[in-house]
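Some notes on the structure that comes next.
The values are calculated or read from the model by the stated rules, or taken from the named source; none is laboratory data. Fair warning: this is a prediction, and the values are worked out from it, not measured in the lab. Note: ideal-geometry Cβ built from the backbone for every residue, glycine included; neighbour counts use all protein chains shown.
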Amino acid sequence: GQNIDQPTEMTATEGAIVQINCTYQTSGFNGLFWYQQHAGEAPTFLSYNVLDGLEEKGRFSSFLSRSKGYSYLLLKELQMKDSASYLCAVRDLHASGGSYIPTFGRGTSLIVHP
Amino acid sequence: ETGVTQSPTHLIKTRGQQVTLRCSSQSGHNTVSWYQQALGQGPQFIFQYYREEENGRGNFPPRFSGLQFPNYSSELNVNALELDDSALYLCASSSLGDGTDTQYFGPGTRLTVL
């Protein structure tokens, strides 16, 4: 199986920067996703990393280090609407029998306060 | 482009009953995955359908079954409902073979079993 570890909860101030970490253990790594999920709603896709390095998309950036089994999601210029759960999901071809199915972590609940 | 839709939005059943949940995939997508998300947890993979065949299954009992139709829409059936089946059921569609196989989620069906 896979182990995906994220902090349960984080708090930050409006306008600040926050980094949400995700560590994982896989034998057949084939991509890492970040999703945002507001309470009572479906997850929405934020980013995808399969190679080492930083992917930037507006206020959100995602970083991957395959050798360390580590990723982070960086949120800049935080807004109140960024309060949500952030899900890290890892695709492991070996764990899923060769199919392209990601395994989700429990999510990090981010609370942004004024 | 039409996104992923699910019906019904909410459903209340009693223990032992059967339920069918429906999902229409995003246009251009050929794969549908179903997830169960309990409160405070990440989505747990139930199964995936590709070209009307089951293409992977998570750790769920056989009373969870599904179908995919020629238009790529899908159904999730759960027999002999148990109290622990109360959860948000998410459908995600993707395009197998597009490189990333990023999954896009529908709004979910909130199932309550009494």
Among the residues of segment A:19-37, are any hydrophobic (A, V, I, L, M, F, W, C), modelled with pLDDT of 95 or more and surrounded by fewer than 19 Cβ atoms within 10 Å (Cβ to Cβ)?
no
Please tell me if B:SER73 is modelled with pLDDT under 95 and in contact with a Phe, Trp or Tyr (Cβ under 7 Å, 6 or more places away or on another chain).
no
Hey, among the residues in segment B:100-114 that are of a type in the set (S, T, N, Q) and more than 8 Å from chain A (Cβ to nearest Cβ), which one's surrounded by the fewest Cβ atoms within 10 Å (Cβ to Cβ)?
B:THR112
Kindly provide the set of residues from segment A:78-101 that are at the interface with another protein chain (Cβ under 7 Å from one of its Cβ atoms) and at pLDDT below 95, ordered by number.
A:SER96, A:GLY97, A:SER99, A:TYR100, A:ILE101
Give the number of residues within segment B:15-74 that are more than 26 Å from A:GLN36 (Cβ to Cβ), of a type in the set (S, T, N, Q) and in a strand (DSSP E or B).
4
Restricted to segment B:89-99 and to residues being loosely packed, with under 15 Cβ neighbours inside 10 Å and either assigned to a strand (DSSP E or B) or on the phi < 0 side of the Ramachandran plot (or both), the residue nearest to the other protein chains (Cβ to nearest Cβ) is B:LEU96
What residue, among those in segment B:29-58 that are at pLDDT 90 or above and small (Gly, Ala, Ser), is nearest to A:GLY107 (Cα to Cα)?
B:GLY42
Quick check on this structure: which one of B:GLY56, B:GLY28, B:GLY40 is more than 10 Å from chain A (Cβ to nearest Cβ) and at positive phi?
B:GLY28
In segment B:77-88, residue farthest from the chain's Cα centre (by Cα) [restricted to those that are assigned to a strand (DSSP E or B) and surrounded by fewer than 24 Cβ atoms within 10 Å (Cβ to Cβ)]:
B:ALA87
